1. For PHE225, enumerate residues with amide H under 5 Å from its amide H, sequence gap 5+ or separate chain, H modeled in the peptide plane.
2. Tell me which residues come under 5 Å, amide H to amide H, from LYS327 once H is placed; ignore anything under 5 positions away on its chain.
3. What net charge is computed for the residues neighbouring MET263, neighbours being all others with C-beta under 14 Å from the C-beta of MET263, Lys and Arg scored +1, Asp and Glu -1?
4. Once the piece of chain linking THR348 and ALA90 is laid out straight, how much longer is it, given 0.36 nm per residue of separation minus the C-alpha distance between them?
5. I need the shape label for region 149-352. Rule: rounded when a/c is under 1.5, else prolate if a/b > b/c, else oblate, with a, b, c from the alpha carbon gyration tensor.
6. Contact order normalised by length for region 149-352, with contacts defined as Cα pairs under 8 Å and 6 or more residues apart; what percent is it?
7. Run the numbers for GLN174 and ASN187: contour at 0.36 nm per residue of separation, minus the present Cα-Cα distance, in nm.
8. Would you please give the FRET efficiency between HIS369 and SER306, computed as 1/(1 + (r/R0)^6) with r the Cβ-Cβ distance and R0 = 41 Å, to the nearest 0.05?
Amino acid sequence: AIARGGERALGSIERASGESGAQRGPMLVRLPATARTSRAEAIARVAAIGVLFIVGVCIGAGFGALRRSVAASSARAFSVSRSEDSASCARSLRESDGFYCVSDAEWDARVEGVRRSAERGCDIHRQCCAHDAVTREFECFNPVWNCLEERIGKLGDGGKWICDVDRMRALANQSGRTCLIYSFGSNGDYSFEQSAKERMPECEIFTFDPTVDQDKHPAPEFVRFFLWGIGSRDNVSAGDKEELGRRAVPGGMVFRMQTIMRMLGHAGRAVDIAKIDVDGSEYRVFDDLARDAFFPFRQIQLETHSPRRNIQLHEQLRRAGYVVFHKECNYWGSKQHHEWGLLKLTPTFFADVVLTPQLARRLERERAHEATTAAPDG
């Protein structure tokens, strides 16, 4: 068919050339026989070009199908491997809240790494806690968990490190739910949200900041933005002097985390990523969450602003089952400002893995003393 088409095209060209030559008369110049390509060679050349074009189209389509097949196979393989190995990785599934499915040998190696780190930290001997606050910040609370880290957002202030992005997405997909991202504190900079949308397009993204004027700094269309702050009280004006004061814009409000999730219809859901940068209010927030033992976050990307208050904060997070996988100083802010990446395992992980009998007794005495001092007189 290609050859016949080429022959017809060549015939049309020859007829047009003949007619044009007849009209122009002596203006038509015919090449010598040695310089003219034979009719058969011309047809063969046209046919060859057509064949190469069709082959190229087929190869391109084939590669596209192959890429889609490989992606689908990878997703299926992840699901199948988890189902096939679930019996052999029951311990890691249990102690990681379903996030990891690895052999007991690999899990034991991870656990031993956490144990060694804890013994050098503030958990048992409290060596780190004897230093001044700033030195303690640099020397202690270091990452104890290894994962595939990926920076979401721009370089410098604003970007955050996320642990095992593809694993998180696959687990959300397998459970039949949409992954959920909360971003508290944007300061009108949506580079984190933009990068998260590009990397995790299926995720729902909610941004909260009662200090951002949306007329001046509008959020992207894919972001659901609220003039809400996170705090330890409900339905409080963000302009309250105990909250944000004059920094708040008109209409800004502060709510507890539990209330925010309930108002958004997210009660009972897991928040896959919680980015929290609230300029010092984080301590009140986590005090409130710890009182109710309410930690619905799979990961927390947190900036802290007061090293002196970080011992209690890290103890709260550890009791809730969070491990540090990333730590860095925010050089764009102050040497006292630090960025943390935390991954939730299970609330019993540290009690089962790290807690020694001596430390358990000491913590029990501390809790009993706290309960006694907090009890009303009489």
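Coordinate-derived values only; no laboratory data. On a predicted model such as this, the values are computed, not experimentally measured, just so you know. Note: ideal-geometry Cβ built from the backbone for every residue, glycine included; neighbour counts use all protein chains shown.
1. THR207
2. Under 5 Å from the amide H of LYS327: GLY341.
3. Once all neighbours under 14 Å are counted, the net charge is +3.
4. Here the segment from THR348 to ALA90 would lengthen by 91.3 nm.
5. rounded
6. 17 percent.
7. That works out to 1.3 nm of additional length.
8. Plugging the Cβ-Cβ distance into 1/(1 + (r/R0)^6) gives 0.95.
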